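Novice: Below: one structure in structure tokens.
The values are calculated or read from the model by the stated rules, or taken from the named source; none is laboratory data. In this text, all values refer to a predicted model and were calculated from it rather than measured experimentally. Note: ideal-geometry Cβ built from the backbone for every residue, glycine included; neighbour counts use all protein chains shown.
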Amino acid sequence: MKFENILYWCEFPARADWKELNSLFVSNGMKAKCYLCVESVEEFRHWKAQLRHYKGIDVAGAWPSIPLDKGYWFSGFVEQKEIDFLDQYKWMNLKIDIEPPFKYFKALNVVNALLWVLIHPFRRAKNNLYLREKLVETIKKNELIISTFPLPDFVLRRYGFFRNPRFKYSFMFYSSMIPFVFRPLYRLYYRWFMRRALKRSKDTYFAVGLISKGIFNSEPQYSNAKQLTSDLKFLLKHKARNLVVYSIGGITERKNPEDWVKALKEFS
């Protein structure tokens, strides 16, 4: 069994060793379709120009972000003037993270996460409608992937998530973030979540990770490539067709980077 489509998120393109990544993917007969995290169209064009000669790397789209103190991710909790930054990305393929502002998670721990889950289903963000209108306006004939947590829609809608037949959706399956003792329960929950997500759309993406740390620089990562393989098998077993990998830049930061690419090649 293999995935029909595989995408790669790259949150920190300036940190990635693109030369080595290109060599790894080319030598394994693969091409990485990447979405790069940027704060402007100019930054995206810079990276697209820098990477255009690499045969193993395909810069497929932009992952817009805003400054940390403004929220970093998009949601109805950020100000309208920050949401307006999306205007510059019209006609481009985009991946948009819809998550609460960075300040809500300054201290990344279980207590904060539980408090967020308990509070936010009952708090509607003030700019949800504005964000929705902006995203619909931004997308013309280009592709938009909305990425968010694996939570029921009634929770996600509170901070800006919405369904649109023109959009695609990606949900995190970041097992490395879950304490080992709770992972069997998490997989049980995720099986239920996947069934519901795939019933809505067989084209839903599921994102595995973490191969490297994220914006907090403290997120738990996979211990080895075997854990990645286990997650890939789990997703395929439960009918996933489309995969996202977080993060391509982390592959060359790990010991034996070839192992991570080979693990992905087995299912691509």
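Novice: Go through (1) closer than 27 Å to Leu235 by Cα; (2) at pLDDT 95 or above and name the single condition Arg166 misses.
Specialist: The single condition Arg166 does not satisfy is (2).
Novice: Does Phe167 fit the bill of being without any contact (Cβ under 8 Å) to a residue 60 or more places away in the chain, closer than 23 Å to Leu135 by Cβ and either polar (S, T, N, Q) or surrounded by fewer than 19 Cβ atoms within 10 Å (Cβ to Cβ) (or both)?
Specialist: yes
Novice: Same structure, new question: Would you mind finding the one in Leu264, Leu236 that is buried (at least 23 other Cβ atoms within 10 Å of the Cβ) and either closer than 23 Å to Tyr169 by Cα or not acidic (Asp, Glu) (or both)?
Specialist: Exactly one of Leu264, Leu236 is buried (at least 23 other Cβ atoms within 10 Å of the Cβ) and either closer than 23 Å to Tyr169 by Cα or not acidic (Asp, Glu) (or both), namely Leu264.
Novice: So for the stretch 237-246 (the condition being farther than 22 Å from Glu4 by Cβ, over 19 Å from the mean Cα position of the chain (by Cα) and part of a helix (DSSP H, G or I)), does at least one residue qualify?
Specialist: Looking through the stretch 237-246, none of the residues is farther than 22 Å from Glu4 by Cβ, over 19 Å from the mean Cα position of the chain (by Cα) and part of a helix (DSSP H, G or I).
Novice: Any residue at all in the stretch 47-57 that's hydrophobic (A, V, I, L, M, F, W, C) and closer than 18 Å to Leu144 by Cα?
Specialist: no
Novice: If you scan the stretch 213-236, which residues turn out to be within 23 Å of Asn5 (Cβ to Cβ) and either in contact with a Gly (Cβ under 6 Å, 6 or more places away or on another chain) or modelled with pLDDT of 95 or more (or both)? Before you say what the answer is, go through the steps one by one.
Specialist: In the first step, residues of the stretch 213-236 are kept if they are within 23 Å of Asn5 (Cβ to Cβ); the result is 214, 222, 225, 227-236.
Hits for the stretch 213-236 are Tyr222, Ala225, Gln227, Leu228, Thr229, Ser230, Asp231, Leu232, Lys233, Phe234, Leu235, Leu236.
Here's the yes/no breakdown for (1) under 23 Å from Glu20 (Cβ atoms); (2) among the polar types (S, T, N, Q):
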site: Phe206; (1), (2): no, no
site: Gly209; (1), (2): yes, no
site: Phe216; (1), (2): no, no
site: Glu219; (1), (2): yes, no
site: Leu235; (1), (2): no, no
site: Arg241; (1), (2): no, no
site: Glu253; (1), (2): yes, no
site: Asn256; (1), (2): yes, yes
